[in-house]
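The structure appears below as structure tokens.
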Amino acid sequence: MINVNIYKIELTVMCELKVFFNGDIIMEDVVRITSDGDSVRLYGMLGDLKTIHGRIVDVNLTKQEAIIEG
């Protein structure tokens, strides 16, 4: 008889982003990004909101950064 125990392991990783706009950091600890036409909304971990006129060029979770140009 063979007994095998399988444990469920959960890992929670927070991926807050630094957001760059035209080369400058405009917001840190961003947890959500939405886009509507030519505007991009950035939502911070503490509930702050910033709207930028531009377009999302890149989101890199490995580097924890997003790049917006406008």
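Please give the number of the condition Thr62 fails out of (1) assigned to a strand (DSSP E or B); (2) within 14 Å of Cys15 (Cβ to Cβ).
Of everything listed in (1) assigned to a strand (DSSP E or B); (2) within 14 Å of Cys15 (Cβ to Cβ), Thr62 misses just condition (1).
Kindly indicate which of Thr62, Thr51 is polar (S, T, N, Q) and modelled with pLDDT of 95 or more.
After ruling out the rest, the residue left standing is Thr51.
How many residues does the stretch 38-53 hold that are under 13 Å from Ile26 (Cα atoms) and in a loop (DSSP other than H, G, I, E, B)?
The number of residues fulfilling the criteria is 1.
Of all residues in the stretch 52-67, which are basic (Lys, Arg) and over 11 Å from Phe20 (Cβ atoms)?
Residue satisfying the conditions is Arg55 alone.
I'd like to know if the stretch 14-25 contains one or more residues that are modelled with pLDDT under 95 and of a type in the set (Asp, Glu).
yes
The values are calculated or read from the model by the stated rules, or taken from the named source; none is laboratory data. Because the structure is predicted, anything quoted here is derived from the model rather than measured. Reconstructed Cβ throughout: ideal geometry from the backbone, glycine too, with neighbour counts over all protein chains shown.
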